[in-house]
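See below for the structure under consideration.
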Amino acid sequence: QCNLLGWWENDLGSKMHVTSVDGNGNFSGVYHTAVSSTQKPIEPSPLVGSQHLDKDGQCTFGFVVNWKFSDSTAVFVGQCFDQDSGQDVLQTSWLLREKVDSLPNDWKATR
């Protein structure tokens with residue numbers, strides 16, 4: 001069974017710490033990003049999410065990060081893969097929504 005609880009690190013050096021997972025698959029924690037396009041100092045930011053509890057242990061999940069150092073929010077979706085080596089791997093995709101000053105600039109708000 002894939003367990004999201006604990007520390008995870010991606011290829012760019014960003015780290016996620018899932019501090020709690022309840023019996024329904026809801027979880028929370030903190031995201032420490034290693035990359036940012038803002039000039040402000042990077043701060044750890046809270047995350048909340050939910051995972052689908054599959055019997056085979058290779059669950060899908062999603063979470064939202066409310067960035068504390070910029071006017072943006074990110075959503076991540078992914079799946080946990082239980083490897084033969086015993087190490088779990090998370091594969092994710094993400095969208096980032098940045099605040100823009102007007103509706104005509106909406107086109108450049110989402111990456």
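Values in this text are rule-based calculations from the coordinates and carry no lab data. The shown structure was predicted, so the numbers you read here are calculated from the model rather than taken from an experiment. Glycine gets a Cβ as well: all are built from the backbone with ideal geometry, and neighbour counts include every protein chain shown.
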For GLU43, work out the one condition from (1) among the acidic types (Asp, Glu); (2) without any contact (Cβ under 8 Å) to a residue 24 or more places away in the chain; (3) closer than 27 Å to LYS99 by Cβ it doesn't fulfil. (2)
Only one of these conditions is not met by ASP106: (1) outside any loop (DSSP other than H, G, I, E, B); (2) within 18 Å of VAL18 (Cβ to Cβ); (3) acidic (Asp, Glu). Which number is it? (2)
Of the residues GLY62, GLY6, GLY23, which is farther than 17 Å from GLU98 by Cβ, without any contact (Cβ under 8 Å) to a residue 24 or more places away in the chain and touching a Phe, Trp or Tyr at 6+ places or on another chain (Cβ under 7 Å)? GLY62
